[in-house]
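Novice: Take this structure, written in structure tokens, and hold onto it; I'll ask about it next.
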Amino acid sequence: MDNGKLPIACLLPDAELQERRQDVLQKVSSAVTKIEEIDEGFRYRFSPGETRITELAKLVEFEHACCPFLRFRITVEPGDSPIWLELTGPEGTKEFLADLFN
């Protein structure tokens, strides 16, 4: 399938999505310290933490499997600087993400 034509939708059944929301999504979204809207999605800022990179990598792994239209970028700044997660994609991604993280 052409990556530009992937549907803007989660491929998980509703029950599985709700379970994931309560586990991984809730844990990560509660740690967000700032949200910035960017052209094709959002940037989420996190304070550095002992397990933060692992938590974000787990989120990316899960979300990539169920939402193949998303593009992910984790930026780890030097020292105790914030960690950023960018989620972007085609038109409609912002609305999807706003719903997913609320």
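Novice: How many residues are in contact (Cβ under 8 Å) with a residue 40 or more places away in the chain and polar (S, T, N, Q) if we restrict to segment 51-102?
Specialist: Summing the residues that are in contact (Cβ under 8 Å) with a residue 40 or more places away in the chain and polar (S, T, N, Q) in segment 51-102 gives 2.
Novice: Out of the residues in segment 52-63 meeting the condition of being of a type outside the set (D, E, K, R) and modelled with pLDDT of 90 or more, tell me which one is surrounded by the most Cβ atoms within 10 Å (Cβ to Cβ).
Specialist: To start, the set of residues in segment 52-63 that are of a type outside the set (D, E, K, R) comprises 53-54, 56-57, 59-60, 62.
Now restrict to residues that are modelled with pLDDT of 90 or more: 53-54, 56-57, 60.
Working: 53: 14, 54: 10, 56: 20, 57: 13, 60: 17.
Applying the filter and picking the extreme gives 56.
Here is a yes/no grid of residues against (1) surrounded by 12 or more Cβ atoms within 10 Å (Cβ to Cβ); (2) touching a Phe, Trp or Tyr at 6+ places or on another chain (Cβ under 8 Å); (3) in a strand (DSSP E or B); (4) among the hydroxyl-bearing types (Ser, Thr, Tyr):
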{"residue": "27", "(1), (2), (3), (4)": "yes, no, no, no"}
{"residue": "45", "(1), (2), (3), (4)": "yes, yes, yes, no"}
{"residue": "48", "(1), (2), (3), (4)": "yes, no, no, no"}
{"residue": "65", "(1), (2), (3), (4)": "no, no, no, no"}
{"residue": "79", "(1), (2), (3), (4)": "no, no, no, no"}
{"residue": "85", "(1), (2), (3), (4)": "yes, yes, yes, no"}
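Novice: Can you find, within segment 30-43, the residue that is surrounded by the fewest Cβ atoms within 10 Å (Cβ to Cβ) among those that are closer than 11 Å to residue 83 by Cβ and among the β-branched types (Val, Ile, Thr)?
Specialist: The extreme case among them is 33.
The values are calculated or read from the model by the stated rules, or taken from the named source; none is laboratory data. Because the structure is predicted, anything quoted here is derived from the model rather than measured. All Cβ positions, glycine included, derive from the backbone under ideal geometry; neighbour counts span all protein chains shown.
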